[in-house]
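Just so it is clear, none of the values below were taken in a lab; they were calculated from the coordinates. What you are looking at is a predicted structure, and each value in this text was computed from that prediction instead of being measured. Positions of Cβ are generated from backbone atoms using ideal geometry, with glycine treated the same way; all protein chains shown enter the neighbour counts.
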Amino acid sequence: MNKNLKVVIAMVVVSLFAMSFAKVQSQSFVKKEVPEEFTTKENPYKNDESLKMIGLRNFNRHCVSCHGKKGEGDGVMAKNLKTSPGNLTLSEMDQYSDGDIYYLSFIGIADRPDFMKLIPSEEDKWAVVNYVRSLKK
């Protein structure tokens, strides 16, 4: 292979990598609509540090494939979704109540697995909500 072709291939590979990284970084934040009954729903386990590992375990088991290990929306399955999984580390996440996050995590997104069945315990669901809160940059 000649030297010029190698340089062109290297540039293409670097460009593709940069473009995929830029796509994740440029996800714009659009607040999703949530029914009022969930917006006002209280988190009975708010700030419960004893649930930290349960939230992490369930996030790693059920959420990482789309949201990524750090919650930035860059999981291996993210590119296969019709809608972006979103970057959970953005400060804009503060616009959501815990009830909003509960709804969006377990009920309100169409192309997601049925986490209501996969994570049947209410305590475990709220542990995930608490863990999502901890992902902010």
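What to note about this one:
- Averaging 1/r across all pairs of distinct Cα atoms in region 30-133 and inverting the result yields a Kirkwood radius of 13.7 Å.
- Ordered by the count of other Cβ atoms within 10 Å of each Cβ, fewest first, 64, 129, 34, 76 give 76, 64, 34, 129.
- Here the spin labels are modelled as points 7 Å beyond Cα on the Cα-Cβ line, and at residue 39 and residue 60 they lie 3.6 nm apart.
- A straight Cα-to-Cα reach below 16 Å connects residue 125 with the aspartates and glutamates 42, 48, 49, 98, 100, 114, residues fewer than 8 places away in its own chain not being considered.
- Cα-Cα over 25 Å, subset of 46/117; 41/82; 41/79; 32/82; 46/82: 41/82; 41/79; 46/82
- Net charge over other residues, Cβ less than 12 angstrom from the Cβ of residue 107 (K, R count +1; D, E count -1): +2
- Summary value for region 30-133: 39 percent relative contact order, contacts being C-alpha pairs under 8 angstrom separated by 6+ residues.
- In sequence order, calculated HN-Hα J values of region 102-112 (Karplus, 6.51, -1.76, 1.60; Hz; x Gly/Pro): 4, 4, 5, 7, 10, 10, x, 10, 5, 9, 10
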